[in-house]
1. Work out which chymotrypsin sites (Phe, Trp or Tyr not before Pro) in the chain are exposed loop sites (DSSP not H, G, I, E or B, at most 16 other Cβ within 10 Å) and give the longest gap free of them.
2. When N is the residue count of the chain, what does its C-alpha Rg come to as a fraction of 2.2 N^0.38 Å?
3. Any chance you could give the angle, 0 to 90 degrees and rounded to 10, that helix 10-32 forms with the longest Cα principal axis of the chain?
4. Which aspartates and glutamates does LYS18 reach when only Cα atoms under 19 Å apart count, and residues fewer than 8 places away in its own chain are ignored?
5. Counting Lys and Arg as +1 and Asp and Glu as -1, what is the net charge of the other residues whose Cβ lies under 14 Å from the Cβ of SER27?
6. Can you tell me the accessible area per residue over the chain, all protein chains present, probe 1.4 angstrom, in square angstrom?
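The values are calculated or read from the model by the stated rules, or taken from the named source; none is laboratory data. Only a predicted model underlies this, so the values are computations on that prediction, with no experimental measurement involved. Reconstructed Cβ throughout: ideal geometry from the backbone, glycine too, with neighbour counts over all protein chains shown. Heads up: the accessible areas ignore ligands, DNA and RNA and are worked out on the full protein's heavy atoms, side chains in. Shrake-Rupley method; radii C 1.70, N 1.55, O 1.52, S 1.80 Å.
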Amino acid sequence: TLFPYTTLFRSGKKVAHKTYERHVVLSQFFESIGVPPETATNDACKIEHVISDETFNAVKKLLRDK
């Protein structure tokens, strides 16, 4: 599980999984454009909470179509 010591309601799990997906995809995107892994991870942590669905979906599509 994503959070082994926490019980989340369905809505909380949905938010956690959405945030985790954003983190993974953004980290991959940043690394794909030459950002060092540690910096990519740190930047993804900051951005994953505020990026719009529209922009995130465009980044996801860009990586998928690569």
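1. On the way: sites that count: TYR5, PHE9.
That would be 10-66.
2. Working: Rg = 12.9 Å, N = 66, 2.2 N^0.38 = 10.8 Å.
Ratio of Cα Rg to 2.2 N^0.38 Å: 1.20.
3. It works out to around 20 degrees.
4. Partners found: ASP43, GLU48, ASP53, GLU54.
5. Numbers: positive: ARG22, LYS46, LYS60; negative: GLU21, GLU31, GLU38, ASP43, GLU48.
In short, -2.
6. Numbers: 5180 Å² over 66 residues.
Spelled out: the 1.4 Å probe surface of the chain, per residue, equals 78 Å².
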